[in-house]
Amino acid sequence: MFDSVTLASRGTANVLVLAQFKGEKLDANSKKLDPSGAGADASGRAEATGELGSIVQAFPGNGHERVFIVGLGNKDCFDPARLRTAAGSIARALSKTKAASADIAVHAALSKLPKSAKVDLHACGSAMGEGLGIASWNYDILRGSATTPKDRTKLAIHCNDAKFRGGLARGLGLSEGTNIARTLSQTPPNIATPAWIASEAKKMARKTGLKCTVVQGKALETEKLTGLIEVGKASEHKPCMIRLEYTPARGKTKDPIVLVGKTMTYDSGGLSIKVGGGMRGMKRDKDGGCAVFGAMHSIATVIKPNRPVVALLMCAENSISDEAYRPDDVIEFRNGVTVEITNTDAEGRLVLADGLCWACDKESPAAILDIATLTGGVVVALGSTYAGMWCDDDDFRAILDDAGDASDERVWRLPHHAEYRQLMRSPVADILNSAPVRAAHPVQGAAFLSYFVEDGIPWAHVDIAGTHSTDKDSGPFISGPTGFGARLISEMVERF
Ligand code: BES
Ligand code: ZN
Ligand code: ZN
């Protein structure tokens, strides 16, 4: 696979990429773009089914070296999200043929859809750009001397339709945020320590014009960031809160959207240690923070909203030592709420609680979104199709639902209720961090967090334990981290 995709200005490309719907002939618009007629011939071949993600190739003999016809599935229920899948197929096929450039002319088939289908060529271009960018991600930097290095290759894409082209540029930009999140997620826990993530955040901030500050050491105590201190204290890699700030060109005329990300660089479970293989993969317990990190990159470089955005990355390693926090400890948070620790493996909510308190107290937030790989229970409930979302503010939730549709990072509402809050009461402190029953684990997490958000502030909690990684190649993704949340948050911020 190529290492980068860039949008080039006009010029002839190696490959012309056209599109075809299932059971349909090549449309007249697409035919015009391929005067050789080779594409039209190929689209009549038996294997040119138009099935989503299928590719047939033709060799025109003059002009382009090749023509690809990518299948877009059934015309009657077209959805722009399919273009990410199609982009995955296109990227793989281009990479196989070692093409250096491609003219993405998929818009030609789309503009033939009926008005009632309401296709927005800009949104379609964005989905295609996201897919091409996502497909080009790899993580080879840790390959050593026993691996033969691969050629570094670049793909330049062209497009002659202004709207679709604008969308492609946006989508490639957004895919960068997703890919940054994936690279951070993939980085192993001996490298990606809280301090390392802070140094990466500073580098990113310098490049994109964000402001970055880090709360660490003694300052965690002065700021009463109890969850970070307690969860992080057994590790030699000390905890920190990374604060990234985007300020619009016009200045701070509005209250900020605040993003809080669980950034557990490793979750061993602590003294309630994970057993039976449950620890494997817990380097990805930082993926909420990684999504926020990637989103901040997209916000600064692509979205550029006219409202400030503040990100709080709550970084710690949940480890064991004689200094570890333990089940039975009682700790007090910044807002005065006391918590009995019943399970040190329910650590994510403790560091998120600090971020939520800080946000309410110090940031005057217009809205707060927290995102975390919080519970295995949400994987049981929703699998990898939807992230769990808790949000009782109708307007904010509508924005998140739309952002989920636009990014295809889907969220499904789960409930808050006074009974769940009651379930979290402790016999010795105000609340406990995990109820002694297995009931409603993901909802318990949300109920716990609700004790740290001030009434009246629109707030959403998103549990991405099921969606932050995938174990199979699908659409533009390869197995591994998905960067889930980076594009969801970017789309949310754009709509807010
Ligand atoms: N990081 C885990 C949740 C998780 C599980 C993320 C699977 C990704 C994949 C979290 O800190 C955890 O251990 N949660 C416990 C909560 C329980 C102790 C209340 C869980 O889900 O079992
Ligand atoms: Zn845990
Ligand atoms: Zn965890």
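The values are calculated or read from the model by the stated rules, or taken from the named source; none is laboratory data. None of the values given here were measured: they were computed from a predicted structure. Positions of Cβ are generated from backbone atoms using ideal geometry, with glycine treated the same way; all protein chains shown enter the neighbour counts.
Quick notes
- The set of residues in region 321-369 that are of a type in the set (Val, Ile, Thr) and under 22 Å from the mean Cα position of the chain (by Cα) comprises Val351, Ile368.
- Elements of the type helices (runs of 4 or more DSSP H) sitting completely within region 366-473 and holding at least 3 residues that are at pLDDT 95 or above and within 16 Å of ligand 2 (Cβ to nearest atom): these cover 377-382, 441-450.
- None of Gly261, Gly277 is on the phi > 0 side of the Ramachandran plot, at pLDDT 95 or above and either away from ligand 1 (no atom under 11 Å from the Cβ) or not in a loop (DSSP other than H, G, I, E, B) (or both) except Gly277.
- Some residue of region 428-440 being touching a residue at least 60 places away in the same chain (Cβ under 8 Å), more than 17 Å from Arg349 (Cα to Cα) and buried (at least 19 other Cβ atoms within 10 Å of the Cβ): no
- Filter result for Arg182 (assigned to a helix (DSSP H, G or I), touching a residue at least 40 places away in the same chain (Cβ under 8 Å), under 21 Å from Arg92 (Cα atoms) and of a type in the set (Lys, Arg)): yes
- Those residues of region 51-87 which are closer than 18 Å to Ser116 by Cβ and either touching a Leu at 6+ places or on another chain (Cβ under 6 Å) or of a type outside the set (D, E, K, R) (or both), in sequence order: Leu72, Gly73, Asn74, Cys77, Phe78, Pro80, Arg82
- Residue within region 379-400 that is within 16 Å of ligand 3 (Cβ to nearest atom), in contact with a strand residue (DSSP E or B) (Cβ under 8 Å, 6 or more places away or on another chain) and among the small types (Gly, Ala, Ser) present: yes
- Checked against the criterion of being without any contact (Cβ under 8 Å) to a residue 40 or more places away in the chain and either farther than 27 Å from Val493 by Cβ or away from ligand 3 (no atom under 16 Å from the Cβ) (or both), the candidates Asp328, Asp345 yield just one match: Asp328.
- Region 93-112: number of residues that are out of contact with any helix residue (DSSP H, G or I) (no Cβ under 7 Å at 6 or more places or on another chain) and surrounded by 17 or more Cβ atoms within 10 Å (Cβ to Cβ): 5
- Looking only at residues in region 143-161 that are assigned to a loop (DSSP other than H, G, I, E, B) and touching a residue at least 12 places away in the same chain (Cβ under 8 Å), the one that is nearest to Phe2 (Cα to Cα) is Thr153.
- Lys203 being closer than 23 Å to Lys262 by Cα, in a helix (DSSP H, G or I) and outside the structural domain of Tyr139 (by TED's automatic domain parsing): yes
- Breaking point among (1) farther than 17 Å from Thr373 by Cβ; (2) more than 16 Å from ligand 1 (Cβ to nearest atom); (3) small (Gly, Ala, Ser), for Ala460: (1)
- Scope region 221-257; condition assigned to a strand (DSSP E or B) and over 18 Å from Ala295 (Cβ atoms); matching residues: Cys240
- Count - residues of region 41-51 that are of a type in the set (A, V, I, L, M, F, W, C) and buried (at least 19 other Cβ atoms within 10 Å of the Cβ): 2
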